[in-house]
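The values are calculated or read from the model by the stated rules, or taken from the named source; none is laboratory data. All of these numbers come straight from a predicted model, not from anything done at the bench. For neighbour counting, all protein chains shown are included, and Cβ atoms are generated from backbone atoms with ideal geometry for every residue, glycine included.
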Amino acid sequence: MKPRSMIIGTGHYVPSRILTNADLEKIVDTSNDWIVERTGIHERHIKADDENTSDMCIKAGERALQQSGLTAKDLDMIIIGTVTGDMRFPATAIFVQSGLGAVNAAALDISAACSGFLYGLVLADGLIASGKYRYILVIGSESLTNMTNWEDRNTCVLFGDGAGAAVVTASDGTRGIISSYLGADGTLAKLLWAPGGGTANPISHEMIDKKLHLLHMAGKEVFLHAVKAMCDAALKALSLAEMSPDDIDLLIPHQANIRIIEATGKRLGIPKEKVYVNIDRFGNTSSASVPIAIDEARRNGILKPGMTCLTVVFGGGFTWASVVIKF
Ligand code: ACO
């Protein structure tokens, strides 16, 4: 299959403030040993109080644009995967559009939780194939610590903030997105959600007292579904690319839990040396996790030009996605 679009620049940004497991030991009844053993996380970055999701997007976007050799004015569209945007409306992409000075770009957000970046990338791939759009900036960014219940040790140890970005344009025929697969199962929404603040549970003192505006998760169930959905999605994208796991040079999975990452690699038969892991330093940054990992792997030389990369993600909704990309 010939690639239709390719990534010509990537960038990421994480806030400077670091929250270690030792810091968390002072907040909830937990321990460094438990967190490392059960999740693989050592530390995560937390946004400053006056830092918005759009601020992180702008920094990651500027780095991606710089690498691509384009300016913000070249962009036709900005797509942002986020469930922790600046406001209920307008879209966070609007503030990124003005912050970057992308005066020629349309701007929209995608709400697909952790799958937001890959959903956006696949949408960009289709829009570029339509011939109507030339340069699209896709960003995944979350401020999940803004939605974290800091009294709930089951969830507050997991998440971090950040942003990752990619500039996408038509493929030169030799590299780019070879195949993709998107999926969802809305019957499982309540296993991972923040149900307050919308029409279902409008803002009220009672809603806030019940902490419905914060993230709620059934960890064990999410874990089991995550491994299955990520493996199924990865195999679907590989099959569409007419490839097998042996053809993959690097697996970049969603960084949600080291045990989910290892189980996914093992089930796919992809050896550990070919699986990219940075959860130890960033925690679960939701939609930012895959683009941060892609950019980091490109910049540290682990993801080299010519390599074929399989990326796969699972998130609230549930949603899942997988993309095979030749770099
Ligand atoms: N410190 C110490 N003990 C803890 C902590 C903690 N931070 N959290 C939970 N425990 C305790 C529990 O209370 C429980 O104690 P109990 O047996 O006395 O009741 C015990 O540890 C075991 O709890 P489990 O929930 O069974 O622990 P598990 O091994 O399943 O690990 C975890 C929990 C890490 C949340 C795991 O289930 C997981 O990673 N699930 C997937 C989460 C995930 O990936 N979510 C995001 C995916 S989508 C997205 O990215 C938004």
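Might you check whether a residue that is touching a helix residue (DSSP H, G or I) at 6+ places or on another chain (Cβ under 7 Å), within 11 Å of the ligand (Cβ to nearest atom), in a strand (DSSP E or B) and within 18 Å of ALA113 (Cβ to Cβ) occurs anywhere in segment 174-182?
No, segment 174-182 contains no residue that is touching a helix residue (DSSP H, G or I) at 6+ places or on another chain (Cβ under 7 Å), within 11 Å of the ligand (Cβ to nearest atom), in a strand (DSSP E or B) and within 18 Å of ALA113 (Cβ to Cβ).
Could you tell me whether any residue of segment 115-138 is crowded, with 22+ Cβ neighbours inside 10 Å, in a helix (DSSP H, G or I), touching a Pro at 6+ places or on another chain (Cβ under 6 Å) and modelled with pLDDT of 95 or more?
Yes, some residue in segment 115-138 is crowded, with 22+ Cβ neighbours inside 10 Å, in a helix (DSSP H, G or I), touching a Pro at 6+ places or on another chain (Cβ under 6 Å) and modelled with pLDDT of 95 or more.
Tell me, yes or no, whether segment 25-32 has at least one residue that is touching a helix residue (DSSP H, G or I) at 6+ places or on another chain (Cβ under 6 Å), farther than 29 Å from CYS309 by Cα and assigned to a helix (DSSP H, G or I).
Looking through segment 25-32, at least one residue is touching a helix residue (DSSP H, G or I) at 6+ places or on another chain (Cβ under 6 Å), farther than 29 Å from CYS309 by Cα and assigned to a helix (DSSP H, G or I).
Based on this model, can you work out whether MET230 counts as of a type outside the set (S, T, N, Q) and within 16 Å of the ligand (Cβ to nearest atom)?
yes
The conditions are (1) under 26 Å from ILE261 (Cα atoms); (2) of a type in the set (D, E, K, R); (3) assigned to a loop (DSSP other than H, G, I, E, B), and ARG88 fails exactly one of them. Which is it?
(1)
So which pairs qualify, if the first residue must be in segment 112-124 and over 13 Å from ILE292 (Cα atoms) and in contact (Cβ under 8 Å) with a residue 24 or more places away in the chain, the second must be assigned to a helix (DSSP H, G or I) and more than 10 Å from the ligand (Cβ to nearest atom), the Cβ gap must be under 8 Å, and the two must be at least 6 apart or on different chains?
Short answer, once both residue conditions are applied: ALA112/TYR119.
Search segment 277-306 for residues being more than 16 Å from the ligand (Cβ to nearest atom) and surrounded by fewer than 17 Cβ atoms within 10 Å (Cβ to Cβ), and hand back the single one that is nearest to ILE8 (Cα to Cα).
If we take residues in segment 277-306 being more than 16 Å from the ligand (Cβ to nearest atom) and surrounded by fewer than 17 Cβ atoms within 10 Å (Cβ to Cβ), then PRO305 is nearest to ILE8 (Cα to Cα).
If you scan segment 187-243, which residues turn out to be over 23 Å from ALA256 (Cβ atoms) and touching a strand residue (DSSP E or B) at 6+ places or on another chain (Cβ under 9 Å)?
Once the filter is applied, which keeps residues that are over 23 Å from ALA256 (Cβ atoms) and touching a strand residue (DSSP E or B) at 6+ places or on another chain (Cβ under 9 Å), segment 187-243 yields SER239, LEU240, ALA241, GLU242, MET243.
Against the definition (surrounded by fewer than 21 Cβ atoms within 10 Å (Cβ to Cβ), touching a helix residue (DSSP H, G or I) at 6+ places or on another chain (Cβ under 6 Å) and in a helix (DSSP H, G or I)), how does GLY61 come out, yes or no?
Here the answer is no, as GLY61 does not meet what is asked.
Of everything in segment 204-220, what is loosely packed, with under 13 Cβ neighbours inside 10 Å and either assigned to a helix (DSSP H, G or I) or hydrophobic (A, V, I, L, M, F, W, C) (or both)? Give them in sequence order.
Result: HIS205, GLU206, ASP209, LYS220.
Considering only residues of segment 17-54 that are free of Cβ contacts under 8 Å to residues at least 12 places away in the same chain and under 22 Å from ASP86 (Cβ atoms), which is farthest from the ligand (Cβ to nearest atom)?
This residue is ASP50.
For the list (1) touching a Cys at 6+ places or on another chain (Cβ under 7 Å); (2) assigned to a loop (DSSP other than H, G, I, E, B); (3) within 11 Å of the ligand (Cβ to nearest atom), I need the number of the one condition that VAL313 fails.
If we test VAL313 against (1) touching a Cys at 6+ places or on another chain (Cβ under 7 Å); (2) assigned to a loop (DSSP other than H, G, I, E, B); (3) within 11 Å of the ligand (Cβ to nearest atom), just (2) comes out false.
Identify the single condition in (1) in a strand (DSSP E or B); (2) without any contact (Cβ under 8 Å) to a residue 60 or more places away in the chain; (3) of a type outside the set (Asp, Glu) that VAL167 does not satisfy, given that it satisfies every other one.
(2)
Name the single residue, out of those in segment 307-317 being out of contact with any Asp or Glu (no Cβ under 8 Å at 6 or more places or on another chain) and of a type outside the set (Ser, Thr, Tyr), that is surrounded by the fewest Cβ atoms within 10 Å (Cβ to Cβ). First the steps, then the outcome.
Initially, segment 307-317 is screened for residues out of contact with any Asp or Glu (no Cβ under 8 Å at 6 or more places or on another chain), giving 310-316.
Subsequent filtering for residues that are of a type outside the set (Ser, Thr, Tyr) retains 310, 312-316.
Working: LEU310: 29, VAL312: 29, VAL313: 33, PHE314: 30, GLY315: 29, GLY316: 23.
Once the filter is applied, the top-ranked residue is GLY316.
When the residues of segment 249-274 are narrowed to those that are assigned to a strand (DSSP E or B) and away from the ligand (no atom under 16 Å from the Cβ), which ends up nearest to SER322 (Cα to Cα)?
Restricting to residues being assigned to a strand (DSSP E or B) and away from the ligand (no atom under 16 Å from the Cβ), the top hit is LEU251.
Among THR148, THR187, THR174, which is surrounded by fewer than 24 Cβ atoms within 10 Å (Cβ to Cβ) and free of Cβ contacts under 8 Å to residues at least 12 places away in the same chain?
Checking each option against the conditions leaves just THR187.
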